[in-house]
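Undergrad: Have a look at this one before I ask anything.
A short reminder: the numbers here are calculations on the coordinates, not readings from a lab. Small disclaimer: the values here were computed from a predicted structure and weren't measured. Ideal geometry is used to build each Cβ from the backbone, glycine not excepted, and the neighbour counts take in all protein chains shown.
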Protein chains: 2
Amino acid sequence: MTRTLIPRPLTAEAFAPYGEVIEAAAAARQAIPINYGATMRFHDLARIDVAEGGGEPCVSIFRSQPLPQPIEIKLMERHPLGSQAFIPFGGRPYLVVVAPPGELDPDRIEAFLAQPHQGVNYAKGTWHHYSLALEGESDFLVIDRQGPGDNLDEVELAPEQRWTIAL
Amino acid sequence: MTRTLIPRPLTAEAFAPYGEVIEAAAAARQAIPINYGATMRFHDLARIDVAEGGGEPCVSIFRSQPLPQPIEIKLMERHPLGSQAFIPFGGRPYLVVVAPPGELDPDRIEAFLAQPHQGVNYAKGTWHHYSLALEGESDFLVIDRQGPGDNLDEVELAPEQRWTIAL
């Protein structure tokens, strides 16, 4: 018996407590024409915050399989030492499930439906579910932290704290 | 009157003098199953080298228009203070035009045809042409450096030093 979580559309404003949405539909102040007019640069869209404790940026590809539906949220994780950005490049939507930093409050978990052109950057310490691909195998470019220290906290939810995603 | 440059297929081996190819078809040592088996992590695919002179990583989106064909290589640029990574996420191929670090040698310019699932990371100081989209408007996730200092050198080629790309 779980509770139902209805994903909201992913917008920069709604996601602001958790980090940044990485998308070209950014504020005009961030759009700079370069390359003699051939390219528009949407500049500095995510705070890559990985230097704590001697950390460095790490670029990886995550190839994720969709979980069986209905998707149940049974655990959450956070990276106390660094931010983590996901940018999809397979053309598929995906789910973003987050909760505010601090001690995990399962009642404050919320879900967003991200479109194929939208990436997200989880701020350091933001609770999130691991990669939730939809529709099929999905590749994400990931920018996170490598370096010394334990950069993963994981919490398993008790049965009454769990959520089922309504899709 | 220009010379003709024939693009080679982009492979990690051929591109090694210039940086890394960012793609999931990486060496098996870099593939790590995570997320209880739902995700394969192709780990640490690019050397993000942006700390010199107080630099920090910067994540942007470049939205590039194809140049008119035939594409002529008239100028090259480099970033002396940091690496620059391009990961396409529009599903289109693109061109990568590079030359070895040091003083630019126009005779050593070479071209690669990158497939939609391949990104590239130009090592610090590597000569390259700016973003060369093919087939239509193309978005790239870019990871480069922001911070103090002049991080752009640009060289215009004399007419006899120029190349035309054969496509």
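Undergrad: Would you compute, from DSSP H runs of 4+ residues alone, the mean residue ellipticity of chain B at 222 nm, taking -39500 (n - 2.57) per run and dividing by the full residue count, rounded to the nearest 500?
TA: -500 deg cm²/dmol
Undergrad: Using only the Cα atoms of the protein assembly as shown, what are the Rg and Dmax in Å?
TA: Over the protein assembly as shown's Cα set, Rg and Dmax evaluate to 20.8, 74 Å.
Undergrad: Follow-up. Could you work out the mean count of beta carbons from other protein chains within 10 Å of each residue's beta carbon in A:73-84?
TA: Across the residues of A:73-84, the mean count of other-chain Cβ atoms within 10 Å is 0.
Undergrad: Something else: With the label 7 angstrom out along Cα to Cβ, how close does A:G91 come to the same site in each of the other copies, in nm, nearest first?
TA: So the label point of A:G91 gives 0.2 nm to the other copies.
Undergrad: Hey, got the Cα dimensions of segment A:1-48 along the principal axes, in Å, largest first?
TA: That works out to 59, 19, 15 Å along the principal axes.
Undergrad: If you take every DSSP beta bridge fully contained in chain B, what fraction is antiparallel? Give it as a percent rounded to 5.
TA: Bridges in chain B that DSSP calls antiparallel: roughly 90 percent.
Undergrad: Follow-up question, since we're still on this one. Mind checking A:142-150 for the average number of partner chain beta-carbons within 10 Å of each residue's beta-carbon?
TA: 2
Undergrad: Separation of segment B:74-132 and segment A:90-133 by C-alpha centroid, Å?
TA: 33 Å
Undergrad: So for segment B:1-101, what are the equivalent ellipsoid semi-axes in whole Å, largest first, each being the square root of 5 times an eigenvalue of the Cα gyration tensor?
TA: 28, 19, 15
Undergrad: Sequence gap at least 6, Cα distance under 8 Å: using those rules, report the relative contact order of segment A:4-165 to the nearest whole percent.
TA: Answer for segment A:4-165 is 36 percent.
Undergrad: In peptide B:32-42, what is the residue-averaged number of other protein chain Cβ atoms found within 10 Å of each Cβ?
TA: 6
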